[in-house]
Amino acid sequence: DSGVTQTPKHLITATGQRVTLRCSPRSGDLSVYWYQQSLDQGLQFLIQYYNGEERAKGNILERFSAQQFPDLHSELNLSSLELGDSALYFCASSVEDSGVQETQYFGPGTRLLVL
Amino acid sequence: GENVEQHPSTLSVQEGDSAVIKCTYSDSASNYFPWYKQELGKRPQLIIDIRSNVGEKKDQRIAVTLNKTAKHFSLHITETQPEDSAVYFCAASIRNTGNQFYFGTGTSLTVIP
């Protein structure tokens, strides 16, 4: 168990809908990262938050948005869902405060299926 | 941005043999290289990492080597066991305004008993 939690574990929804994925980082970690993993695909970085502020952006669609709250949990919002959004969504966290790169610890993921 | 290539995409070895997975990166500013193991349907788990000021690191049956000049790094697993079967991902990271990891496309390792 990495200490990173994600809810829900599974989500089934229809095209055009909106969903929210939730992530709680490890205790003490200030940074949260969101990744998308499609079938037979690697891990695509979406976005990073550090202590409530957006720190880095990857290949995140405009239909997707995220935020990090004062208690450091984060939510990833996916709207106007398309079939191609079906994937595993991982959240990871790291300390990100020591001046060197820190290991990222991954949560168990949320499996999204868009029908 | 950084581009990480990983080879091979699939690898089958006999139990007890060694497995080697290779990654190359494009940005010479990358200075942190973690390796993750992902079993089917599970989370990626860190198995070993190396920083750019080190050429090699070992942890029991697992080792990672880094060649900064050639911009490549490799994962070596010795005395493979069936439980080593999984997908392995390499990554590179540049310390700038964030700690973003650029992942390779993964290697599916099968250890045949």
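Taken together, the values in this text are just the output of simple stated rules run on the coordinates, not laboratory data. Source: prediction; values computed, not measured. Cβ atoms come from the backbone with ideal geometry, glycine included; neighbour counts cover every protein chain shown.
A few comments on the model shown:
- Given charges at beta-carbon only (K, R positive; D, E negative), |dipole| of the protein assembly as shown in Debye: 120
- Cβ-Cβ distance of B:Lys42 and B:Thr69, R₀ of 41 Å, FRET efficiency by 1/(1 + (r/R0)^6): the value works out to about 0.70.
- Calculated FRET value between A:Lys9 and B:Ser12, using beta carbons and R₀ = 22 Å, to 0.05: 0.10
- Value of Rg to Rh for the protein assembly as shown, rounded to two decimals, is 0.97; Kirkwood radius and Rg both from alpha-carbon coordinates.
- Mean sequence separation of contacting Cα pairs (under 8 Å, at least six apart), scaled by the length of chain A, corresponds to a relative contact order of 37 percent.
- GluC sites (Glu not before Pro) within the stretch B:14-113: DSSP coil, no more than 14 neighbouring Cβ in 10 Å: B:Glu15, B:Glu39, B:Glu79
- 3J(HN,Hα) couplings calculated from phi for the stretch B:73-86 with the Karplus curve 6.51 cos²θ - 1.76 cosθ + 1.60 (θ = phi - 60°) are, in sequence order, 9, 9, 9, 10, 10, 9, 6, 4, 10, x, 6, 7, 4, 4 Hz; Gly and Pro show x.
- Taking θ as phi - 60° and the Karplus parameters 6.51, -1.76 and 1.60, the scalar couplings of the stretch B:52-61 work out to 6, 8, 10, x, 7, 9, 10, 9, 6, 8 Hz in sequence order, x denoting glycine and proline.
- Debye log10 I(q)/I(0) for the stretch B:35-113, one point scatterer per Cα, at q = 0.12, 0.14, 0.17 Å⁻¹: -0.37, -0.50, -0.72
- Whole-angstrom gap from the stretch B:53-113 to the stretch A:1-40, using each part's C-alpha centre: 24
- Average beta-carbon neighbours from other chains, 10 Å sphere, peptide B:32-38: 3
- Between B:Ile50 and B:Phe33, the built amide H atoms are under 5 Å apart, and every one of these is 5 or more places off in sequence or on another chain.
- Built amide H within the under 5 Å cut-off of B:Ser85, gap 5+: B:Val111
- Note on the stretch A:1-100: with charges restricted to the Cβ of Lys and Arg (+1) and Asp and Glu (-1), its dipole about the Cα centre is near 200 debye.
- Relative contact order [Cα under 8 Å, 6+ residues apart], chain B, whole percent: 36
- Measuring between their Cα centroids, the stretch B:24-38 and the stretch A:60-76 lie 25 Å from each other.
- Table column - 3J(HN,Hα) (Hz), the stretch A:74-80, Karplus curve with 6.51, -1.76, 1.60, x for Gly and Pro: 10, 10, 10, 9, 10, 10, 6
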